[in-house]
Amino acid sequence: MSMVHSESISMATERRTQARIDLQISVELAIPGHDKPVRASTRDLSWGGALLYLSEPLPENVETLTLSLPWRTGKTIRALCQMLRERPLSEGGYLVALRFISLSPRGQSRLERLLKMLHPSDTTAGEDGKLALFRELEVTVSDTDELREKLLQILEGRYTVTVFETYQVGQSISLSIRGTFDLPSIRLRARVSDVRKSEVKGFDWAELYTLSLAFEHPSSTIRTFVDLVLNRLSNTEEENSTFSSYLEGAPDWLKSVATATARSSTSHTRSELASEEETRSCLESEFPEAVERLVAGWGNVKDFEMVFKSLVLGRNDLPGGWSQEAWDELEMLQSVHDRAYGVSEQRSSPLKGGRL
């Protein structure tokens, strides 16, 4: 990768809301109805989109296309994009402005990591008048019913919230719904579709705005995610199970879905004692090296299955092997990963400890 200074252009019609990183890197564009990808190079990259240079104009009537950015070890970051503008340059070639409109959780995670590597300062708050990488809207929920209501909104592909600060229509943001106590936290990529001034009784002293948000993830992914969280809430609501945070490094939207299952009666006393200081899952407390290995393979089907299989077989010859509590958590993590990322062709049923 090489860094260059982007040309100052008057293409943008909306006010900039995110930092744009000057960057020149070769990319590919997949255009509907065309077999061969189009080669291009970036001029700048941001959370919300990219500015590209092409030697030839794009085909007429192109509205959406897929951008592929290179990632580590031959992998890519794919984003479905809306073409905003195309402008010819006097010296030859064309500038094309793209807006990201949909990324998979894995693609979003990679995009964020790339942007943070190129822009290592505070990502969500501008410094010295500089724009941040992205704007984060944080909403706190304190009970299961409130979280379920928000999840059902998200399932419909929209979300409405009243806030103290205004946002720009069309602005792409990070929506964080953070649960208190044992409730999970959710993080999704969203776009502001509408902003209205609001009046709320008791808040006459403040300027309030009601935002309507649409999500920038595939609808099938949103449904899978919401189903996972709703099922987890239903299964554990009466058990007061604790949602763990040991998937550090996994895609943000799935981190808190992974939770320890109900503790067995034999470990009840030990769990009560541990909760006085810090509530931790069985894997966190007894097998931290297993957690580290699972995190390393998270998001890649082949890598995760290889790590999981190694863990399964690696303890069969040890006294006692895995405890039932650890197995429950491992199988739960595998189920989450399978539903989010799929399974390889070599495996059609869940891996079971000692029963491969």
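The values are calculated or read from the model by the stated rules, or taken from the named source; none is laboratory data. All values reported here derive from a predicted model rather than from experimental measurement. All Cβ positions, even for glycine, are placed from backbone atoms using ideal geometry, and neighbour counts span all protein chains on display.
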Among the residues of the range 21-50, the number that are touching a residue at least 60 places away in the same chain (Cβ under 8 Å) and not in a strand (DSSP E or B) is 4
Might you check whether a residue that is at pLDDT 95 or above, within 18 Å of the chain's Cα centre (by Cα) and not assigned by TED's automatic domain parsing to the domain that holds residue 223 occurs anywhere in the range 27-41? no
Matching residues in the range 33-65 (touching a strand residue (DSSP E or B) at 6+ places or on another chain (Cβ under 7 Å) and over 23 Å from residue 89 (Cα atoms)) number 2
Of the residues in the range 147-201, those that are touching an Asp or Glu at 6+ places or on another chain (Cβ under 8 Å) and farther than 22 Å from residue 132 by Cα number 2
